[in-house]
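To start, the structure under review is shown below, and the notes come after it.
Read the figures in this text as sums done on the coordinates, not as results from a lab. Keep in mind it's a predicted model, so treat the numbers as computed, not measured. Positions of Cβ are backbone-derived with ideal geometry, glycine not excepted, and every protein chain shown enters the neighbour counts.
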Amino acid sequence: MDGRSLYSQYIKPSWTPPSWVIGLVWTFLYTIIALSFTSVFYSAFKKQIPWVVALPFALNLIFNFAFPYIQFGLANNFLASIDIVLVVCTLIWALVAVWQKAPELRWVSYANIPYLVWGVYATTVQIGITYLNK
């Protein structure tokens, strides 16, 4: 059985959104991520901001893109829970770093508030799935 089929069979918390909502939200969030993160990386490449500001953004992308593989490819809820916590932690780190060290990019912190809110929400869902299906 593939990971997506297995996921549909998991017991999920009552606050889990329907799949179509998840897809819609991520389409919106990936647009924000693409625009804002690109601005950070571009500024780092142009040496307008220190690379240390871009580091948590890069780590966030790695953890974010790893999540579907861990959740659906490996079908490992425990690792997926750890990964999504790392997504939220690196996002918080990124937004604080850009706020403190790159005032000209503070809009990135504001723009990613929906991503942070969704990330925290998705973390509660994932931890709930992990707990309910142990």
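Give me a count of the residues in the range 16-47 that are assigned to a loop (DSSP other than H, G, I, E, B) and farther than 24 Å from T124 by Cα.
So the count comes out to 2.
One residue is enough: does the range 100-115 have a residue meeting the conditions out of contact with any strand residue (DSSP E or B) (no Cβ under 9 Å at 6 or more places or on another chain), of a type outside the set (D, E, K, R) and at positive phi? Within the range 100-115, none of the residues are out of contact with any strand residue (DSSP E or B) (no Cβ under 9 Å at 6 or more places or on another chain), of a type outside the set (D, E, K, R) and at positive phi. Going by the structure shown, is A122 surrounded by fewer than 17 Cβ atoms within 10 Å (Cβ to Cβ), small (G, A, S), touching a helix residue (DSSP H, G or I) at 6+ places or on another chain (Cβ under 9 Å) and part of a helix (DSSP H, G or I)? So A122 does not fit the description; no.
If you check A94, A75, A80 for being in a helix (DSSP H, G or I), more than 19 Å from S39 (Cα to Cα) and of a type in the set (G, A, S), only one passes: A80.
Only one of the numbered conditions (1) surrounded by 17 or more Cβ atoms within 10 Å (Cβ to Cβ); (2) farther than 22 Å from S5 by Cα; (3) β-branched (V, I, T) is not met by V85, and that is (1). One residue stands out among those in the range 104-134 that are free of Cβ contacts under 8 Å to residues at least 12 places away in the same chain and of a type in the set (V, I, T): the one that is nearest to V87 (Cα to Cα), which is V117. Just one of the listed residues (W20, W15) is out of contact with any Ser or Thr (no Cβ under 9 Å at 6 or more places or on another chain), within 30 Å of Y131 (Cβ to Cβ) and of a type in the set (F, W, Y), namely W20.
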